[in-house]
Amino acid sequence: MLQVTNLKKVFKSGGAPVAAVDNVTFTVADGKFASIIGKSGSGKSTLLGLLGALDQPTAGEIKVGDKDITKLRDHKLIRYRCEKIGFIFQNYNLVPNLTALENVMLPLEFASMPKKKRTERAKELLGQVGLEEDQQKRRPGKLSGGQQQRVAIARALANKPQLILADEPTGNLDSQTGKMIFDLLHSLSRTENTTILVVTHDLDIAGKTDMTFQLTDGKLKKKPGSR
Amino acid sequence: MLVARQAVQDKITTVKSSIGNTIAVSPAGARGFEGGGEALTSAQMNTVNSITNVTGVTQTLSDRLTSTDTNLQSAITAGSLGARAQNNSGVGFAAPPEGGTIRSDASSTSAFTQITRTFTPPVTITGANDVSSASIYGGDSVTFTSGQAIDVSKDENIAAIGKGLAEKNNLSVGSTFTAYGQTVTVVGVYDTGNTFANNGVIMPLAAVQRLSSQVGQITSATVTVNSVDNIDGVVTAIKAALGATADVVSNQTSAKTAVEPLESVKTISTYSLLGALGAGAIIILLTMMMIVRERRREIGVMKAIGSSNAKTMLQFVSEAVTLTLLGLFVGIFIGIFAAQPITKMLVNNSSSSATTQVQGRPGGFARSGSTTSTALRSVKNVQASVGATTIAEGVGIAFLIAIIGSAAPAYVISKIRPAEVMRAD
């Protein structure tokens, strides 16, 4: 379960404090697929960074399972990011000089998994997201946008994380491919019992998630009608 | 430059070792059996032995056995060179043979009588307190064809004799001969491969001193110093200790002259190497900074998916090491072909002035055939090769360049926050 309580992140802009995330409180149960919608500059990416332990909040609490990640420091924080969180980015952010297979093996290597096991696991995941064996040996530059995002999803799933954070995962894809990716994420949240939180502009996609939050000027509201 | 420096360093070591770490001490005014002066004493040599950095003093007392001193027949025939010495006085001239010519010149009105004397090359006897060095036997190397070396600690009438002398006089181990009116037993027969040296007799120093009535006296000493670099200091100390009674000669000056050009090449190579090291480090630094800047997002992503600072930095440092090792291999490849001509050019340029200085000295010391002149002649003959030591040093330098060059980029990497990369998305 993801439980966020009174989360706040204040930046200084021209000497004046600006709350990018302002007293945000919400809960997403295990295996649920949630979405956050909001305009540019509303604080979506900042919120995602805080949830992914990429940044420290000014105040508040983020509990993943029973662990408050805002209290974690240094190597515990790195370990948390490695083992409990999976990231999916709009621009895929794959390492360009590694093959698709090697990209998926990367977080497994950071988790100190033996090479043979991580190769097996990466192949299994890439198969799961529908990447053929010959495509697995290609570098990201030789893959289409949809294929690259599939590799990114496989990479996010590598260490069987409790929480997947996706920042505009369909933003750079055509609508058909975007729908395929969304369906893939949706089915994964079911089969892997992974909590998925997606930041999106696409209201159609947001409408299909289990719950949707609207972020406006750092303040979060649960969208009426969402489950 | 690394190869040139290594080649020159090897040459310096070779020149220094070929010139040796010994100092010759002889009575003032004497050289071998030439000149004059007063003998030195073993007591004086004990003083020399106590000088700092002196590791040993080999004392010798040499004498020439005339036919009146010994029953030994010289193994060397006079020949034309010996005949030339007929006009000289001194030892080695025997009385005319029985029935020989004491010729009166009847055509002369004067009462001139010419005595025809027969020259016999003398047998040299040497007393020594240490016979471990082949130079005591007069050669570059020595082997015993029978018997063994004398025990120098005993004041006994025992001797090792040269192979030529033994054959001429039908002597073998256990045979005896007379010297200074006493019987001496042969304990060993040696071969130096040198005809003159194989005509000698080696005995314990004390025995020769006693037999020749020169107790406590020596005619030469060889002082061994712990390092070639300390020779100058020891020479000064010996001169201070013995004053005007001794001539002290070392090859240190010659060694210095011989290695001076090499030392300057070594200095040039060292500074060039340091310059290359600095330039290499700066190039790697700038290259790595550029790479880190270009791959800032990748670094952020790696951190976001669980890579630690140390792991991320290690990846970039290993990339820098790979880059420098590639440079090293290219450098070694070029070095194999370019090292020899570059080293040769540097050595030739530096040593030509030194050679001119040596040749310009009146009565220059670089006599043909001497160790020093050989060393001087060989100074230019520097062989540059890429050996295991050079490669090992090259690898070490490559690692140093990589580490220095990637230190700043590594710091930049450690400061990249994954959240910043997300915001830049």
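The values are calculated or read from the model by the stated rules, or taken from the named source; none is laboratory data. It should be emphasised that the depicted structure is a prediction, and the values quoted were computed from it without experimental measurement. Heads up, the Cβs are rebuilt from the backbone with ideal geometry, glycines too, and the neighbour counts pull from every protein chain shown. Calculation scope for accessible area: heavy atoms of the full protein, side chains included, ligands and nucleic acids excluded. Shrake-Rupley method; radii C 1.70, N 1.55, O 1.52, S 1.80 Å.
Which one of A:ASP174, A:ASP134, A:ASP202, A:ASP183 is under 30 Å from A:VAL10 (Cβ atoms), charged (D, E, K, R) and open to solvent by 10 Å² or more (accessible area, probe 1.4 Å)?
On the way: A:ASP174 fails: under 30 Å from A:VAL10 (Cβ atoms); A:ASP134 fails: under 30 Å from A:VAL10 (Cβ atoms); A:ASP183 fails: under 30 Å from A:VAL10 (Cβ atoms).
The unique qualifying residue is A:ASP202.
Rundown of residues vs (1) in contact with a Leu (Cβ under 8 Å, 6 or more places away or on another chain); (2) in the same structural domain as B:GLY405 (by TED's automatic domain parsing); (3) modelled with pLDDT of 75 or more; (4) of a type outside the set (Gly, Ala, Ser), yes/no style:
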| position | (1), (2), (3), (4) |
| --- | --- |
| B:ILE305 | yes, yes, yes, yes |
| B:SER308 | no, yes, yes, no |
| B:ALA320 | no, yes, yes, no |
| B:LEU346 | no, yes, no, yes |
| B:ALA366 | yes, yes, no, no |
| B:GLY369 | no, yes, no, no |
| B:THR372 | no, yes, no, yes |
| B:SER378 | no, yes, no, no |
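Of the numbered criteria (1) more than 22 Å from B:SER153 (Cα to Cα); (2) touching a residue at least 40 places away in the same chain (Cβ under 8 Å), the one B:ILE202 fails is (1). Are any of the residues in region A:44-62 more than 14 Å from chain B (Cβ to nearest Cβ), surrounded by fewer than 22 Cβ atoms within 10 Å (Cβ to Cβ) and closer than 20 Å to A:THR209 by Cα? Within region A:44-62, none of the residues are more than 14 Å from chain B (Cβ to nearest Cβ), surrounded by fewer than 22 Cβ atoms within 10 Å (Cβ to Cβ) and closer than 20 Å to A:THR209 by Cα.
Within region A:71-80, how many residues turn out to be within 14 Å of another protein chain (Cβ to nearest Cβ) and modelled with pLDDT of 85 or more? Going through region A:71-80 one residue at a time, the tally reaches 6.
Taking the options A:GLU109, A:GLU83, name whichever one is out of contact with any strand residue (DSSP E or B) (no Cβ under 6 Å at 6 or more places or on another chain), within 11 Å of chain B (Cβ to nearest Cβ), under 17 Å from B:GLU298 (Cα atoms) and open to solvent by 20 Å² or more (accessible area, probe 1.4 Å).
Numbers: A:GLU83 fails: under 17 Å from B:GLU298 (Cα atoms).
Every option except A:GLU109 fails the conditions.
Test A:ASN91 against the criterion of being open to solvent by 30 Å² or more (accessible area, probe 1.4 Å), of a type outside the set (Lys, Arg) and within 14 Å of chain B (Cβ to nearest Cβ), and give yes or no. So A:ASN91 fits the description; yes.
Pairs needed: first member in region B:130-147, closer than 17 Å to B:GLY164 by Cα; second member anywhere, among the aromatic types (Phe, Trp, Tyr); C-beta distance under 8 Å; at least 6 residues apart or different chains. Listed pairs, sorted by first residue: B:TYR137/B:TYR190; B:GLY138/B:PHE196; B:VAL142/B:TYR190; B:THR143/B:TYR190; B:PHE144/B:TYR190; B:THR145/B:TYR190. The listed residues are A:VAL21, A:VAL104, and the only one of them that is surrounded by 22 or more Cβ atoms within 10 Å (Cβ to Cβ), of a type in the set (A, V, I, L, M, F, W, C), within 14 Å of chain B (Cβ to nearest Cβ) and more than 18 Å from B:ARG297 (Cα to Cα) turns out to be A:VAL21. Residues that are of a type in the set (D, E, K, R) and either at pLDDT 90 or above or more than 11 Å from A:ILE88 (Cα to Cα) (or both) within region A:151-192 comprise A:ARG155, A:LYS160, A:ASP174, A:LYS179, A:ASP183, A:ARG190, A:GLU192, listed in sequence order. Scanning region B:130-150 for residues being modelled with pLDDT under 85 and open to solvent by less than 40 Å² (accessible area, probe 1.4 Å) gives a total of 2. Considering (1) of a type in the set (S, T, N, Q); (2) more than 14 Å from chain B (Cβ to nearest Cβ); (3) surrounded by fewer than 23 Cβ atoms within 10 Å (Cβ to Cβ); (4) over 11 Å from A:LEU2 (Cα atoms), say which one A:THR27 fails and leave the rest. (4) is the only condition that A:THR27 fails.
Scanning region B:36-57 for residues that are closer than 11 Å to B:THR219 by Cα and part of a strand (DSSP E or B) turns up B:LEU40, B:THR41.
How many residues does region B:260-292 contain that are more than 21 Å from B:GLY327 (Cβ to Cβ) and open to solvent by 10 Å² or more (accessible area, probe 1.4 Å)? It would help to see each step written out before you state the result.
Step one: list which residues in region B:260-292 are more than 21 Å from B:GLY327 (Cβ to Cβ), which gives B:260-268.
Narrowing the set further to residues that are open to solvent by 10 Å² or more (accessible area, probe 1.4 Å) leaves B:260, B:263-264, B:266-268.
Total satisfying the criteria: 6.
Tally up the residues in region B:124-147 that are of a type in the set (Gly, Ala, Ser) and touching a Lys or Arg at 6+ places or on another chain (Cβ under 8 Å), please. The total comes to 0. A Cβ distance below 9 Å, combined with a sequence gap of six or more or placement on separate chains, defines the contacts here; from region B:303-316, residues that are touching a residue at least 40 places away in the same chain (Cβ under 8 Å) reach residues that are part of a loop (DSSP other than H, G, I, E, B) and of a type in the set (Lys, Arg) in the pairs B:LYS303/B:ARG417; B:PHE316/B:ARG295.
Confirm whether A:LEU126 is within 12 Å of chain B (Cβ to nearest Cβ) and touching a residue at least 12 places away in the same chain (Cβ under 8 Å). First the steps, then the outcome.
Numbers: within 12 Å of chain B (Cβ to nearest Cβ): no; touching a residue at least 12 places away in the same chain (Cβ under 8 Å): yes.
Considered against the rule, which asks whether it is within 12 Å of chain B (Cβ to nearest Cβ) and touching a residue at least 12 places away in the same chain (Cβ under 8 Å), A:LEU126 comes out as no.
Residue count for region B:181-219 satisfying the condition of being under 12 Å from B:ALA128 (Cα atoms), in contact with a Leu (Cβ under 8 Å, 6 or more places away or on another chain) and open to solvent by 10 Å² or more (accessible area, probe 1.4 Å): 4. Do you know which residues across region A:189-227 are assigned to a helix (DSSP H, G or I) and touching a residue at least 40 places away in the same chain (Cβ under 8 Å)? Within region A:189-227, A:SER189, A:ARG190, A:LEU203, A:ILE205, A:ALA206 qualify.
Reported count of residues in region B:233-245, each being open to solvent by less than 60 Å² (accessible area, probe 1.4 Å) and either outside the structural domain of B:SER26 (by TED's automatic domain parsing) or among the aliphatic types (A, V, I, L, M) (or both), is 6.
Given the criteria assigned to a helix (DSSP H, G or I), within 14 Å of chain B (Cβ to nearest Cβ) and either open to solvent by less than 10 Å² (accessible area, probe 1.4 Å) or within 24 Å of A:HIS201 (Cα to Cα) (or both), does A:GLY41 qualify? In short, no.
Inside region B:284-315, residues that are over 14 Å from A:PRO107 (Cα atoms), charged (D, E, K, R) and at the interface with chain A (Cβ under 10 Å from one of its Cβ atoms) make up a count of 2. Against the numbered list (1) in a helix (DSSP H, G or I); (2) open to solvent by less than 60 Å² (accessible area, probe 1.4 Å); (3) of a type in the set (A, V, I, L, M, F, W, C), B:ALA24 comes up short only at (1).
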